[in-house]
Amino acid sequence: SGSRAMPPTTGTFSLAVPVPPALPPPTGTLSLPVPTTTRTLSLPKSVAKAGGLDAWNASHPELRHMLQLLGQMCTAQTVTAVLDQVHAIIALGHPLWAYAYMRMLYNRSADLYYATLLAEPSKLLPVVYTPTVGEACQKYGLMPQFRRGCYVS
């Protein structure tokens, strides 16, 4: 099987990213809280206007509580302990919480984060990358923000 060259594309395209609708009240399953305020600026501009990431997270009760929860969950100091904690979170059946845990771990210790990914890539790459990252992007403004990545407005 040979590879075929794709014809060059011309023109422009636009990408519309829908704002997730409000989630219904919890029915015994885990769900991320939905902020009660409306954001009129882009997320990066809103964060800058709030005074930075720490001020942004602190100014939203849902994010502040989620950060506290993640901080209490993410206590591991070794790869084995991280794997124990993240496996317990994955066992809940929704990888978005494991994604949030791994973001907190990266924020605390990038070395431990990457060592853990290398220990079980087949289990953890789907949590920190495709397919979970797609849902994380959809709910990005609903999750605590960390000093990592590229923010474009």
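Using 0.36 nm per residue of separation minus the Cα-Cα distance, give me the extension gain between residue 81 and residue 46 in nm, one decimal.
9.0 nm
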Net length gained if the chain between residue 53 and residue 111 were fully extended (0.36 nm per residue, minus Cα distance): 18.7 nm
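No value in this document is a laboratory result; all are computed from the given coordinates. Predicted, not measured: the structure shown is a model, and the values here were computed from it.
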